[in-house]
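Note sheet for the following structure.
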Amino acid sequence: MSNIIIIGAGASGLMCAVQLLKSGHRVTLIEKNEKCGKKLFITGKGRCNLTNYSDVEEHLSSIQSNKKFMYSALNAFTPYDTVDFFNSLGLRTKVERGSRVFPESDHSSDVIKVLCNELKKGGADLRLNTAVSRLLIRGGEDPEITGVLLSKGEKIYSDRVVVATGGRSYPSTGSTGDGYRFAVSAGMDVKAQSPSLVPLNSPDRDVRSLQGLSLRNVSIVLKDGKKKLYSDFGELLFTHFGVSGPVILSASAAVKPEFFERPLELHIDLKSVVSIEELDKRLIRIFDENRNKEFKNSLSSLFPSKLIPVMAERSGIKSFTKCADIRKDERRDFAALIKDFRVNIEGLRGFDEAVITKGGVSVKEIDPSSMESKKVKGLYFIGEVLDIDSMTGGFNLQLAWSTAAAAARHIPAGH
Ligand SMILES: Cc1cc2nc3c(=O)[nH]c(=O)nc-3n(C[C@H](O)[C@H](O)[C@H](O)COP(=O)(O)OP(=O)(O)OC[C@H]3O[C@@H](n4cnc5c(N)ncnc54)[C@H](O)[C@@H]3O)c2cc1C
């Protein structure tokens, strides 16, 4: 049986290696880091949200780019198969809020450990501290892969090479975009990449002054002029550069990257569970109870302390105005401000802070059931290097597992 080369011992490379070893293949797994799964280690804040315990339809609807491409691979290796697979390796799992699956131990290191145990058991040739610098391809009418060239100069030959090099996000974990270069060298189309599931920049000084403040239960609408691009409800975090938190990360993934090249406006409803009329009644009560207090000193029941000076400033009501002297129109405008706190948005943060990469190897170049390149025989692309991406909640790792399983399944036993 010939040796299968896998480039990258991240989520997809490890899964592919284990599946291939289980069906009796020999595997050489090449990883430029000193250890396997550096990114896996930091997933889910160190707990690894390894999939989402929901059906394939749910996973397909979470995918933001090229859902159709994933239909076959996700159906052939479902989220339930992922859980069964890890359980069969001895990893106990649990399901949390939003159907997120975690190791029972809450340690991502246990996910890596069970995969690495299988590598050892199966006798994989694991080459750490070893980078692939390019693919070896026999050209001609029907190009074929013949192996890889290592940056140390050594050539390793195989007629099956799996590229599992990840995207560009968190490059410190090893994913520096090498796979895109490999695809281009194979004559394949690679879509432009942009950071996704990433915070947003704001030029607004007062917004930046809110750094560290986290707001739950807010509604947001991201707009380009009058055009509504995205709306959501949940938690938002102010930072020293702008805004972050779950609703913002989701917005960054759901909106096409080109929109972020223009100035956008984020509208935050700070009291989304009450109507503007109810809010106005509440303000009447608050100002009445605090008749002799200054406006800015009457707001502690409405906002966290960090937000008070910003709201007072934006209200236009002079901060020393006594509550009894606040006019009806001022009060109504203030209610409107609370229901529509605006933040100017100036682009996405960078790859260093992005959970995933949008763009990558064009799926038009890839067979969706096997992940094999349509241009070069024996060359496979799996995981984040592909132009597929999904939302938070375990959906992105499922893309890595399912594409890895597809490639492993396709490489015939006895090859
Ligand atoms: C902070 C953070 C938290 C996340 N949390 C979650 C989560 O909880 N749930 C979820 O579903 N997703 C999560 N993700 C996304 C998920 O981690 C990725 O989608 C997934 O790891 C992609 O797997 P991959 O195998 O394609 O790439 P990676 O896991 O990035 O692995 C690629 C590997 O290839 C190696 N490599 C690259 N180039 C070469 C080369 N030339 N030679 C040799 N080796 C090379 C790299 O060193 C790396 O080890 C998170 C991402 C981040 C950044």
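FYI, it's all coordinate maths here, none of it is from the lab. None of the values given here were measured: they were computed from a predicted structure. Heads up, the Cβs are rebuilt from the backbone with ideal geometry, glycines too, and the neighbour counts pull from every protein chain shown.
Any idea how far the Cα center of region 189-238 sits from the one of region 293-365, in Å?
Their Cα centres are 12 Å away from one another.
Kindly state, to the nearest 0.05, the FRET efficiency for S319 paired with D352, given R0 = 25 Å and r defined as their beta-carbon distance.
Efficiency computed from Cβ-Cβ geometry: 0.05.
Can you tell me how much longer the chain between N87 and K155 gets when fully stretched, taken as 0.36 nm per residue apart minus their C-alpha distance, in nm with one decimal?
20.8 nm
Compute the label zone of K22 within region 376-407: residues whose backbone N is under 12 Å from the point 7 Å along Cα-to-Cβ.
Within reach of a label on K22, which here means backbone N under 12 Å from a point 7 Å along Cα→Cβ, region 376-407 contributes 402, 405-406.
What list do you get for C16, C323 if you sort them by fewest beta carbons within 10 Å?
Fewest-to-most ranking of C16, C323: C323, C16.
Distance check, please: which entries in K155/K364; K293/K318; K271/K358; K281/K318; K45/K358; K68/K228 exceed 23 angstrom between their Cα atoms?
Checking Cα-Cα distances, K155/K364; K271/K358; K68/K228 exceed 23 Å.
What do the square roots of 5 times the Cα gyration tensor eigenvalues come to for region 250-334, in whole Å, largest first, as semi-axes of the equivalent ellipsoid?
So the three semi-axes of region 250-334 are 32, 14, 12 Å.
With the chain treated as a Gaussian network of Cα nodes joined by springs under 10 Å, which of F295, F260, F351 yields the largest mean-square fluctuation?
Of F295, F260, F351, the most mobile in the Gaussian network model is F295.
Work out the FRET efficiency for R138 and E34 from their Cβ-Cβ distance, taking R0 = 25 Å, and round it to the nearest 0.05.
0.15
In whole angstrom, how long is each semi-axis of the equivalent ellipsoid of region 199-349, when you take the square root of 5 times every eigenvalue of its Cα gyration tensor and sort them from largest down?
With the √(5λ) rule applied to region 199-349, the semi-axes are 30, 15, 13 Å.
Among G139, A17, N290, pick out the residue whose Cα is farthest towards the positive end of the charge dipole of the chain, where Lys and Arg carry +1 and Asp and Glu carry -1 on C-beta, about the Cα centre.
N290
What's the magnitude of the charge dipole for the chain around its Cα centre, counting Lys and Arg as +1 and Asp and Glu as -1 at the beta-carbon? Answer in Debye, nearest 20.
620
Given the -39500 (n - 2.57) contribution per DSSP H run of 4+ residues, what per-residue ellipticity at 222 nm results for the chain, rounded to the nearest 500 deg cm²/dmol?
-9500 deg cm²/dmol
Which of Y180, Y157 has the fewest other C-beta atoms within 10 Å, and how do the rest follow up to the most?
Y157, Y180
So what are the three principal axis dimensions of the chain from its Cα atoms, in whole Å, longest to shortest?
Computed over the Cα atoms, the extents are 86, 43, 36 Å.
For region 1-143, what is the largest minus smallest coordinate of the Cα atoms on each principal axis, given in angstrom and ordered from greatest to least?
The Cα atoms of region 1-143 stretch 50, 34, 27 Å along the principal axes, largest first.
What's the extension gain from K223 to L60 if we count 0.36 nm per residue and subtract their Cα-Cα distance?
Result: 56.1 nm gained on full extension.
Mind checking which lysines have their C-alpha under 20 Å from K121, skipping anything on the same chain fewer than 8 residues away?
K22, K35, K113
So which helices of the chain fit the span-like rule, where a helix is a whole DSSP H run, its Cα atoms reach 24 Å or more along the axis, and its mean Kyte-Doolittle is at least -1.0?
Flagged H segments: there are none.
Quick one: which residues, 5 or more positions from I388 or on another chain, have an amide H under 5 Å from its amide H? H modelled 1.01 Å from N in the peptide plane, none for Pro or chain starts.
G359
Using a cut-off of 11 Å between beta-carbons, work out the net charge of the residues near L236 (Lys and Arg +1, Asp and Glu -1, L236 not included).
Once positives and negatives cancel, what remains is -2.
Using modelled backbone amide H atoms (1.01 Å from N, in-plane), which distant-in-sequence or interchain residues come within less than 5 Å of R47's amide H?
The answer is S108.
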